[in-house]
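Enquirer: Let me give you the structure first, and then I'll get to my questions.
Coordinate-derived values only; no laboratory data. For clarity, every value in this text was computed on a predicted model and none was experimentally measured. Glycine also receives a Cβ, built like all others from the backbone with ideal geometry; neighbour counts cover every protein chain displayed.
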Amino acid sequence: MRPEYPQFRPLSPEDQGLVTEFLALTPRTTCDLALANLFIWRECEVPSITFIKDNLCILINSHAEPSYFLEPLGKNDVLETVEICLRHAGRVSRVGAGMAGQMPADRFHVVPIRDHFDYVYEVRSLAELKGKKYDGKRNQIRKLTRLHPSYSFSPLEQKHAEQALALFDSWSHDREDANGEGTLPPVTILCQRQALKEAFASFDRLGLKGGAVFVDGAMEGFIVTSAGTPETATAHLQYANYKIPGIYQVLLWETCRQILSSFTFLNLEEDLGIPGLRKTKLSYQPIRLEEKFLITLR
């Protein structure tokens, strides 16, 4: 049953068809409205849905920040719908440039949120790594192939769940210092682990794809992606054993060559304002940053 505002209900796996239907009305290019992201992060983001003026509206109740609506899905009375969302939660966030540009300046305050811009790349460029700008990436790949000439790469499948979770646990443990304190808050680690479990539990239902790198028979890196749009893949989860030089470079290179060759673009999502992550994502030469905005009432 469709809840009409002010009624809400939690987003559930049974809503996949409903969300797919409304995403198709006006395809969105930001990672926040990728179908897979909405479902695999449910335990952490706690999304609930309602209908306002026949538009699907998703309220996020994250532990990390105050509640906010994602941009409404639908084409009916958009400005009035956004205003109702704002009067309820105060914020509509992760809004793409298309909708942000429709907001009249005398009614709405619109500001870019750089930490949440998505990084978008050409799949072919990441598969070929041609030119001087990719010298460092090719050097890292050569380093891994020299140290581990028998490494292998294979498509990621649901059967790899146990190995992937074990690698994630090792990855998160490596971020703890001698006092057992990590660079990421414990709740963030828990959320990421739950998202990973949900991804494998829903692997086929959500149409997920990915790749995994094995060294001496052990999984040492993997990536989980989905079709954000027919021409753009979105990478949702990526973990690897950083102690192996070149592992991240090989993982992305092989995935683009062998798994994502049917896509034109790859969205590697946000950097969340983390300096090292921003530097790494910029080093892969994105063709554009997918801008996102925060909308509030004036």
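Enquirer: For segment 73-103: of the residues being under 18 Å from residue 24 (Cα atoms), in contact (Cβ under 8 Å) with a residue 24 or more places away in the chain and not in a helix (DSSP H, G or I), which is farthest from the chain's Cα centre (by Cα)?
Expert: 77
Enquirer: Could I ask something else about it? If you scan segment 140-166, which residues turn out to be more than 23 Å from the chain's Cα centre (by Cα), part of a helix (DSSP H, G or I) and touching a residue at least 40 places away in the same chain (Cβ under 8 Å)? I'd like the intermediate steps shown before the answer.
Expert: Of segment 140-166, the ones more than 23 Å from the chain's Cα centre (by Cα) are 140-152.
So of that shortlist, the ones also part of a helix (DSSP H, G or I) come out as 140-147.
Scanning segment 140-166 gives 140, 141, 142, 143, 144, 145, 147.
Enquirer: Can you say whether residue 69 is more than 27 Å from residue 120 (Cα to Cα), touching a strand residue (DSSP E or B) at 6+ places or on another chain (Cβ under 6 Å), without any contact (Cβ under 8 Å) to a residue 60 or more places away in the chain and of a type in the set (Phe, Trp, Tyr), as far as the supplied structure shows?
Expert: no
Enquirer: Inspect segment 45-55 for any residue being of a type in the set (Val, Ile, Thr), within 17 Å of residue 293 (Cβ to Cβ) and buried (at least 18 other Cβ atoms within 10 Å of the Cβ) and give the result as yes or no.
Expert: Let us first name the residues in segment 45-55 that are of a type in the set (Val, Ile, Thr), namely 46, 49-50, 52.
Applying the additional criterion that residues be within 17 Å of residue 293 (Cβ to Cβ) yields none.
For segment 45-55, residues of a type in the set (Val, Ile, Thr), within 17 Å of residue 293 (Cβ to Cβ) and buried (at least 18 other Cβ atoms within 10 Å of the Cβ): absent.
Enquirer: Anything in segment 61-72 that is of a type outside the set (Asp, Glu) and closer than 20 Å to residue 189 by Cβ? List them, or say none.
Expert: Quick first cut of segment 61-72, residues of a type outside the set (Asp, Glu) only: 61-64, 66-70, 72.
Correct list: 61, 62, 63, 64.
Enquirer: Residues that are within 22 Å of residue 250 (Cβ to Cβ), without any contact (Cβ under 8 Å) to a residue 40 or more places away in the chain, in contact with a Ser or Thr (Cβ under 8 Å, 6 or more places away or on another chain) and among the hydrophobic types (A, V, I, L, M, F, W, C): does segment 217-236 have at least one?
Expert: Yes - at least one qualifying residue is present in segment 217-236.
Enquirer: Same structure, new question: Could you look through segment 115-153, keep only residues that are of a type in the set (D, E, K, R) and closer than 22 Å to residue 291 by Cα, and pick out the one that is surrounded by the fewest Cβ atoms within 10 Å (Cβ to Cβ)?
Expert: At the first step, the residues of segment 115-153 found to be of a type in the set (D, E, K, R) are 115, 118, 122, 124, 128, 130, 132-133, 135, 137-138, 142-143, 146.
With closer than 22 Å to residue 291 by Cα added as a condition, the list becomes 115, 118, 122.
Working: 115: 12, 118: 26, 122: 16.
Restricting to residues being of a type in the set (D, E, K, R) and closer than 22 Å to residue 291 by Cα, the top hit is 115.
Enquirer: Return only the number of the condition from (1) crowded, with 24+ Cβ neighbours inside 10 Å; (2) closer than 21 Å to residue 286 by Cα; (3) of a type outside the set (D, E, K, R) that residue 237 does not satisfy.
Expert: (1)
Enquirer: Now, a different point. It is to be established whether one or more residues within segment 199-206 are touching a residue at least 24 places away in the same chain (Cβ under 8 Å), out of contact with any His (no Cβ under 7 Å at 6 or more places or on another chain) and polar (S, T, N, Q).
Expert: Yes, the conditions are met somewhere in segment 199-206.
Enquirer: When you check residue 211 against the structure, is it more than 22 Å from residue 271 (Cα to Cα) and under 17 Å from the mean Cα position of the chain (by Cα), yes or no?
Expert: Details: more than 22 Å from residue 271 (Cα to Cα): no; under 17 Å from the mean Cα position of the chain (by Cα): yes.
No, not satisfied.
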